[in-house]
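The values are calculated or read from the model by the stated rules, or taken from the named source; none is laboratory data. Keep in mind it's a predicted model, so treat the numbers as computed, not measured. Note that we place each Cβ from the backbone using ideal geometry, even for glycine, and neighbour counts take in every protein chain shown. The accessibility values were calculated without ligands, DNA or RNA, using every heavy atom of the protein model including side chains. Shrake-Rupley method; radii C 1.70, N 1.55, O 1.52, S 1.80 Å.
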Amino acid sequence: MENMGDQLILATGGYDHTIKVWQAHTGNCIKTMRFVETSQVNALDRTPDKTRLAACGYQCIRLYDLESNCTAPVINFDGVQKNVTRLGFQEDGNWMFTAGEDHHVRIWDMISAPPHCSRVFDCEAPVNAACLHPNQVEIGMGSQNGSVFLWDVKSEKHERIVPEVDASIQDVAISPDGRYLAAANNKGNCYIWSLTSSPDQKMSTLRPTKKIPAHSRYILRCKFSPDSRLLLTTSGDGTACIWKTEDFTKWRELCIENCWVWDAAFSADSKWLFTASSDGVARLWKLQTKSPIRDYTGHTKAITALSFKDEIVGK
């Protein structure tokens with residue numbers, strides 16, 4: 001098998017209990033890995049060195065080797081309760097964070113063998129989302145009771161905000177430039193806070209900035225583009241909407257009729273977007289023209305998660 005390290009790799013996972021690895025520039029599936037028969041794939045993330053892929057689902061976290069022919073996980077994380085909803089890696093790959101419906105966000109030491117949980121934050125409600133600040137110290141979190149948290153992993157300090165009562169936070173995102181925190185809920189609203197920090201502060205300060213009535217239904221994901229100029233929201237209303245962060249006005253709307261758009265990822269140049277949807281198809285869109293230019297077909301059920309990290313992507 002060709003080494004995947006230097007290829008443009010798209011990974012997708014979903015309700016068919018499989019994870020597929022694709023050549024992003026051709027649409028060819030180059031590897032299929034079995035997940036867990038009792039769970040869909042909730043989230044995927046590639047390690048910073050691009051050699052491994054982490055996946056999470058119901059009572060499970062798995063780590064797969066992308067450089068071998070092996071389709072079984074190389075590490076199964078022990079003692080995981082309930083649904084694990086999100087995961088991601090610190091920029092050096094030294095630790096991984098996970099969020100779950102057991103109310104906890106966990107920090108996993110990835111240097112030790114096997115990896116072990118070294119720190120835990122209790123959100124006191126099922127956690128749907130977590131993301132890492134570019135400062136590599138703070139983690140944004142969103143829970144089903146409507147709370148948004150910012151947790152400083154080093155000092156253990158935290159902030160808690162409830163932007164809207166009787167709403168579940170479905171996703172959170174922090175812009176790569178560290179200026180904004182976004183939180184999207186099940187009522188179709190996306191809230192924006194400005195983040196500020198100074199040397200004498202223990203952690204970032206949150207200032208309410210904008211409420212975007214983004215969708216008519218459930219928001220599933222929100223993500224900032226690598227250049228921090230765009231904010232993406234995906235929804236159960238069949239759309240992925242792109243907002244300009246200079247004033248948070250809508251710039252583009254991508255439509256996949258009668259589908260839930262479960263996940264999405266920008267290319268490094270912020271000009272292309274991958275989407276994952278309930279029709280079992282992943283798509284690559286050229287944002288300037290709002291048109292899909294490539295389909296990735298092979299899943300037999302809804303695609304609920306994807307991961308893409310690149311230097312640049314082109315047709």
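For the peptides 183-195, 79-91, the ranking by packing is 183-195, 79-91, with the highest mean count of neighbouring Cβ atoms within 10 Å listed first. Summing charges over neighbours of V41, with a neighbour being any other residue whose Cβ is under 15 Å away from its Cβ, gives +4 when K and R count +1 and D and E count -1.
Packing here is the average count of other Cβ atoms within 10 Å per residue, and on that basis the peptides 157-168, 198-209, 267-278, highest first, run 267-278, 157-168, 198-209. Considering only Cα atoms, the convex hull volume of the stretch 176-269 works out to 100 Å³ per residue. Would you mind telling me which residue in I19, I30, I169 has the biggest mean-square fluctuation in a Gaussian network model of the chain, where springs connect alpha carbons within a distance under 10 angstrom? So, out of I19, I30, I169, the one fluctuating most is I30. Considering only the Cα atoms of the stretch 113-268, their convex hull presents on average a projected area of 10.4 nm². The solvent-accessible area of F266, taken with every protein chain present and a 1.4 Å probe, is close to 20 Å².
Shape summary: the stretch 108-167 maps onto an equivalent ellipsoid whose semi-axes, from the alpha-carbon gyration tensor, are 24, 13, 9 Å in decreasing order.
By the equivalent-ellipsoid construction on the alpha carbon gyration tensor, the stretch 163-221 comes out with semi-axes of 24, 11, 9 Å, ordered largest to smallest. The mean accessible area for residues of the stretch 1-111, using a 1.4 Å probe and ignoring ligands and nucleic acids, is 39 Å² per residue.
Net charge of the neighbourhood of I111, taken over other residues with C-beta under 15 Å away and scored Lys/Arg +1, Asp/Glu -1, is -2.
In plain terms, the C-alpha convex hull of the stretch 9-308 casts an average shadow of 14.3 nm² when viewed from every direction.
The distance between label points at D247 and V120 comes to 4.8 nm (points 7 Å beyond Cα on the Cα→Cβ vector). Pairs to check: K250/K271; K211/K244; K20/K223; K211/K301. Give those whose C-alpha atoms are more than 25 Å from each other in this structure. The answer is K211/K301. Using only the C-alpha atoms, the convex hull of the stretch 43-114 corresponds to 79 Å³ per residue.
Counting protein heavy atoms only, the stretch 9-308 has 45 percent of its accessible area on carbon and sulfur, 1.4 angstrom probe.
If you wrap the tightest convex hull around every Cα atom of the stretch 215-267 and split its volume per residue, you get 67 Å³.
Here the extension length gained between K301 and T205 equals 30.4 nm, from 0.36 nm per residue of separation less the Cα-Cα distance.
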